[in-house]
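Before I ask anything, here is the structure I am working with.
The values are calculated or read from the model by the stated rules, or taken from the named source; none is laboratory data. Note that the structure is a prediction, hence the values are computed from the model and not measured. FYI the Cβ positions are ideal-geometry reconstructions off the backbone, even for glycines, and counts take in every protein chain you see.
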Ligand code: SF4
């Protein structure tokens, strides 16, 4: 088929690697997608998900095409105009705000939102409605890393860049399976190791995976013992004299308190607690200690935990005691699960953040943002986080929730409780592209949104790289870009400051608000992004080298003292402990060819072929003790619910530990596939990130009643 016009650059809408793509519009309204050979992240390569992007755009069979609304809970949804839908929503929101205050309403958004969408949501909720009740599903993904960076380095900034992969001679991959979840980045690690066989790769994971297959050393720890392992590595480094005392003395604080904690626990005790041989811990420490430059990579295994902040801090401590930060090839690289979780953090798109990494607790920062927006005073107290929103709906503190770009009835922990909460909500708005998500059944108003390639905007990947995403095709029916929907709603509420001429005007306002901050991008605009392909922040316009590949190269950290903070993390256990009734540890995970709740990748038959249905991974010894054979239907139950799936026997997982993939939900079959029927609602006390990687379950062979 002949092409209609030249390809337009964009960025893959799945994981936080942020691969560049070229989208070509075809004459029939479809698109084709290819890797962008000039994009520095992927040089034209795409993983299986990226290679099939065009099918998710071209298959519009599930798309929502026009607004719908019902006038009471007992009446059916009916087609309405945009004006009617937004006018009624505004009237309901105003009523609740007048009667119960601004904290009676909330937005629950997504790490898939574009930066401009986050920006207007944040401005509307925090500046004009007067509440901080804007949270996103990034809370389920990266909030522990955000807290870790702020506590240790003084700001939420990833210090390294992807080019550090080719400069490192040791990798510590922990709580991640990048071979499946961040494949293009992993290919760079594989290629680097192939070219430099002396490069050491340590992978920490309770399971053997395609990532551990590359490892020189696989530390198959017991789930939840990451802090013990990190402290044990620190002790072995200290004992071997493999720490950087000069860096510690000049650029860090807190070492003595940390050292006392680390040295109090014998290595043999730590090894037994982690289920990892002491010799392997010493070997891993020797790899780290002798490395010229070591790079750590992590994601959900550390973040999605009741001790997620502790896990992050204890990992960052390893960089700080070895001085492995702020120089080429060395430092912590948190891998974001979503394509624009980073952009959301930059605009302050969580319920405890302000734009450009300003501090919500700082009155001067709140006043600065208020003055810039010309809004009312910003609330000083954080708003509800993701799980707190649904708790507040259930007990009536929250009256109305607006859910956009996310599918919480598959992705939230303890999801039966979230279902009950939505059933009790007084008013639910769902802004969506697809007619599949379970949330639609609870909606009083449904707003059809434009999808990827149907709207313009920007995103930031895991290495602080900002890219511009072109609009390539029109959205179907009456669907509108999310930013336009939010701005129209803000105007219907009677608020000034939302009459942007276009998406670029929103971006320009966002960049102006970063002026003078550490992530300053005030000299950035769409023209620069298009010309340079992408840009790593901070971006100092007018300088010969305006981009910033690495942070803290001067060893000056964003703390009052300028020193990084080595945190004396104590070992804590806050998860639901296994017992006689629920003897197995359940962890959740991802499969190679699906992304999140499958609302896009689930539409592609090629991707479904990899692993076509949900399953429970269980060790053959555990399966034998339960009388379970391969493909038998098993019932996985916890104190909160149950899942029925086929068993997959695998020696790759530790005995006593079982795994469910997180992707499946009701819209893709029976809701008995849904892992979050059983997961725990326990959250980290600081980051409020849920404990998806640890809860107690029972497993039984299914028997017909
Ligand atoms: Fe998309 Fe991530 Fe695959 Fe790159 S690695 S093509 S960003 S899913």
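For the stretch 10-44, what are the residues that are assigned to a loop (DSSP other than H, G, I, E, B), touching a residue at least 12 places away in the same chain (Cβ under 8 Å) and either more than 8 Å from the ligand (Cβ to nearest atom) or in the same structural domain as residue 178 (by TED's automatic domain parsing) (or both)?
27, 28, 29, 30, 36, 38, 39, 40
Here is a follow-up. Counting just the residues of the stretch 503-523 that are more than 20 Å from residue 159 (Cα to Cα) and in contact (Cβ under 8 Å) with a residue 24 or more places away in the chain, which one comes out surrounded by the fewest Cβ atoms within 10 Å (Cβ to Cβ)?
Only one residue tops the list, namely 512.
Here's something else I'd like to know. Quick one: would you say residue 68 is within 16 Å of the ligand (Cβ to nearest atom), crowded, with 18+ Cβ neighbours inside 10 Å, within 22 Å of residue 422 (Cβ to Cβ) and in contact (Cβ under 8 Å) with a residue 40 or more places away in the chain?
Here the answer is no, as residue 68 does not meet what is asked.
For the stretch 298-316, indicate whether the set of residues that are part of a strand (DSSP E or B) and more than 30 Å from residue 377 (Cα to Cα) is non-empty.
Yes, the conditions are met somewhere in the stretch 298-316.
Moving to a separate point now. Taking residue 463, is it surrounded by fewer than 16 Cβ atoms within 10 Å (Cβ to Cβ) and in a loop (DSSP other than H, G, I, E, B)?
So residue 463 fails the test.
Residue-wise test of (1) in contact with a strand residue (DSSP E or B) (Cβ under 6 Å, 6 or more places away or on another chain); (2) more than 30 Å from residue 611 (Cα to Cα); (3) at pLDDT 95 or above; (4) not in a loop (DSSP other than H, G, I, E, B).
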| residue | (1), (2), (3), (4) |
| --- | --- |
| 510 | no, yes, yes, yes |
| 516 | no, yes, no, no |
| 523 | no, yes, no, no |
| 531 | no, yes, no, yes |
| 538 | no, yes, no, no |
| 554 | no, yes, yes, no |
| 561 | no, yes, yes, no |
| 568 | no, yes, yes, no |
| 577 | no, yes, yes, no |
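Read through the list (1) away from the ligand (no atom under 16 Å from the Cβ); (2) out of contact with any strand residue (DSSP E or B) (no Cβ under 6 Å at 6 or more places or on another chain); (3) assigned to a loop (DSSP other than H, G, I, E, B), then give the number of the only condition that residue 351 fails.
Result: residue 351 passes all but (2).
Just to be sure I understand, how many residues within the stretch 34-50 are more than 22 Å from residue 531 (Cα to Cα) and buried (at least 18 other Cβ atoms within 10 Å of the Cβ)?
Total satisfying the criteria: 4.
Further question on the same structure: Taking into account only those residues within the stretch 130-176 that are surrounded by fewer than 24 Cβ atoms within 10 Å (Cβ to Cβ) and in the same structural domain as residue 493 (by TED's automatic domain parsing), which is nearest to residue 330 (Cα to Cα)?
131
Quick check: anything in the stretch 607-630 assigned to a helix (DSSP H, G or I) and under 22 Å from residue 410 (Cβ atoms)?
yes
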